[in-house]
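Down below is the structure, laid out as structure tokens.
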Amino acid sequence: MRIPLVQHSTRRRRARIRRVLFGGAELLVTAGMLVLLLVAHQLWWTNREAKEGAERRVEALEREWEGDTGTGDAGTGAGEAGGAGGSGGGTAESGSDSGSESGSGSGSVQSGGAPASSATYAILTVPRLGLRVPVAEGTGKQKVLNKGYVGHYPHTQQPGRTGNFALAGHRNTHGEPFRYLDRLKKGDTITVETRSTRYTYTVDAVLPRTSPRDSGVIQPVPRSLTRPSYGYDAPGRYLTLTTCTPEYTSRYRLVVWGKLTAARPRG
């Protein structure tokens with residue numbers, strides 16, 4: 001019986017193969033760890049950071065308003081009794097940028113009296129969701145949405161006025177203020193507080209899914225362009241909340257509409 005001989009070249013080849021396999025496995029483990037760290041950063045750290053920042057901003061607004069003897073709101077028109085209000089431009093995309101972003105101070109106003117881009121100037125409260133979050137002007141990601149704020153669509157109306165006060169917020173990551181927006185039902189209340197006035201809106205309708213480019217949902221008289229059975233026919237004082245759907249995607253938009261049912265001075 002012959003005993004096969006293992007040549008040195010065969011041993012060296014097998015050793016090289018083992019080194020390559022072990023090296024590849026180490027690279028895969030390292031890559032997997034990096035992916036896990038990235039996911040943890042997106043799903044946990046950005047949420048924690050943005051939520052804490054948004055809470056601090058709400059507290060800062062409240063302190064500022066308590067120490068302010070003035071009663072005027074920048075661009076809100078608490079006593080406005082009519083008018084069409086708002087041009088309804090833009091789209092329903094909650095992640096879209098809205099032009100220049102010139103600061104985040106709540107007292108910043110543009111020359112026309114409207115809030116300056118990225119300025120926080122109101123507080124949105126949704127009791128059913130346990131949500132209390134700042135409202136900032138514009139829907140830019142870096143200086144508004146990624147800070148855990150909800151953003152006001154430029155060219156839509158300000159709170160309390162005839163027209164459509166339209167807001168966008170993240171569904172997931174970066175504070176995810178609108179994560180549970182789909183839980184809102186007809187009859188739920190939503191409040192918007194400004195420097196001088198507390199506006200109460202009552203949820204009237206929910207559009208579960210529409211195109212990200214369905215600009216009709218933020219028009220002065222909101223009506224979906226892709227699903228025309230959802231929306232309104234007459235002028236009113238509307239609130240629109242938009243976010244991405246399904247969760248962890250940006251394929252569609254979820255829309256909640258409310259109507260103004262009360263307005264009273266803060267304090």
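The figures follow:
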quantity	calculated
Label-zone membership for region 227-267, site residue 202, 7 angstrom Cα→C-beta point, backbone N under 13 Å	258-263
Lys, Arg +1 and Asp, Glu -1 on Cβ, resulting dipole of region 197-243 about Cα centre, debye, nearest 20	100
Under-5 Å amide H pairs with residue 197, H placed in peptide plane, nonlocal only	266
Other-chain or far-sequence residues with amide H under 5 Å of residue 263's (modelled H)	200
In sequence order, calculated HN-Hα J values of region 47-61 (Karplus, 6.51, -1.76, 1.60; Hz; x Gly/Pro)	5, 4, 4, 5, 4, 5, x, 5, 4, 5, 5, 4, 4, 5, 4
Estimated vicinal HN-Hα couplings, Hz - region 205-216 in sequence order (Karplus 6.51, -1.76, 1.60; Gly, Pro = x)	7, 10, 9, x, 7, 8, 5, x, 9, 7, 5, x
Environment charge of residue 191, counting only residues whose C-beta is closer than 13 Å and scoring Lys/Arg +1, Asp/Glu -1	+3
Sorted by Cβ density within 10 Å, fewest first, the residues 143, 186	186, 143
For region 116-127, 3J(HN,Hα) per residue [Karplus equation, 6.51 cos²θ - 1.76 cosθ + 1.60, θ = phi - 60°, Hz, x = Gly/Pro]	6, 4, 6, 6, 8, 9, 8, 10, 9, 10, 10, x
For residue 166, distant residues with modelled amide H under 5 Å away	153, 157, 240
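The numbers here are math on the coordinates, done by the rules we state, and not lab data. This one's a predicted model, so the numbers in the text were calculated from it and none came from an experiment. Heads up, the Cβs are rebuilt from the backbone with ideal geometry, glycines too, and the neighbour counts pull from every protein chain shown.
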